[in-house]
Amino acid sequence: MAATPDVLAFLRRRELFAELTEAGLARLADAARPLTLVPGQILFCQDETADAAYVIREGTIAVGTVDGSGREVHFADLQAGAVFGEVGLIDGGPRTATATAATRASLLRLPGFVFLDVARTEWGFALALMRDLVAKLRAADTYIEDKSALLLPARLAKFLLAADGPIRLTQAQIAERMGTSREAVNRQLRAFEVEGTVELGRGRVLVTDAERLSNRLGSC
């Protein structure tokens, strides 16, 4: 089935696909299938067989895994434009994480056999794919470093400061992203509120004094 012009245009604007020839881009676009997820819907689970990559058109996809104790560990919230799910395609291994819709999300599903065939035949795309994977590896290294080196006040401050506007997550969801308990997050958010650096609402956190909150990044 021939791709619609909007799918072609959307893929062309993604940095990962910028080096594709028109023929290669058309192959991916023709194979792409739209997919809509509702909040909380699981797209794929850790350890499943990887059979496709995905591109987010709208919405947010939460990516995480389960550690040895059975606790959920959140890695990232992927936004519109992100390409994900390609790792298992490249190495032939299972999914390394679970992907869940954090909001209503619109995606494009790129079948694995087409994705890999285009990568084999288009060196520019293969190189862009390697750069993208290295960037994700660096981000994972930073996440691990922060989690091991920073205590909760600094980690939570860094998380809050990275947001563009109000954070519309429950304290339980924030705790999942911090790798700690909801109670610990609640205590620290209340402390931030008392010192005047954040404003708390139902399912909402707003940074009100970014400069003072940033001082927490260098503290214990």
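Before moving on, here are some points about what is shown:
- Degrees between helix 22-31 axis and first principal axis of the chain (Cα, 0 to 90, nearest 10): 70
- Segments 113-121, 80-88 sorted - mean Cβ within 10 Å per residue, highest first: 80-88, 113-121
- ALA139 paired with GLU19, simple spin-label distance in nm, labels 7 Å along Cα-to-beta-carbon: 1.9
- DSSP-assigned coil residues among GluC sites (Glu not before Pro) in segment 2-59, each with at most 15 further Cβ atoms within 10 Å: GLU48
- Crossing angle, helix 112-121 versus the chain [Cα axis fit, 0-90 degrees, rounded to tens]: 70
- Using a Förster distance of 35 Å, the FRET efficiency for LEU217-ASP6 (Cβ separation, nearest 0.05): 0.25
- Segment 5-147 - Kirkwood radius from inverse mean 1/r over Cα pairs (Å): 15.6
- Anisotropy class of segment 151-218 from Cα gyration tensor, a/c 1.5 cut: rounded
- For the chain, size of Cβ-based charge dipole, Lys and Arg +1, Asp and Glu -1, in debye: 480
- Whole-angstrom gap from segment 83-113 to segment 31-82, using each part's C-alpha centre: 6
- Look at the dipole of the chain built from charges on Cβ: of ILE167, VAL63, ALA126, the Cα furthest out on the positive end belongs to ILE167.
- Summed side-chain charge close to THR103 - residues other than THR103 whose Cβ falls under 13 Å, Lys, Arg +1, Asp, Glu -1: +1
- Calculated FRET efficiency for the pair LEU151/MET130, C-beta based, R₀ 41 Å, to 0.05: 0.70
- Sites GLU72 and PHE113 - FRET efficiency at Förster radius 30 Å, r taken between beta-carbons, to 0.05: 0.45
- In percent, rounded to a whole number, the relative contact order of the chain is 20, using alpha-carbon pairs under 8 Å and six or more apart.
FYI, it's all coordinate maths here, none of it is from the lab. The model shown is predicted, which means the values in this text are computed figures rather than measured ones. We place every Cβ from the backbone using ideal geometry, glycine too, and count neighbours over all the protein chains shown.
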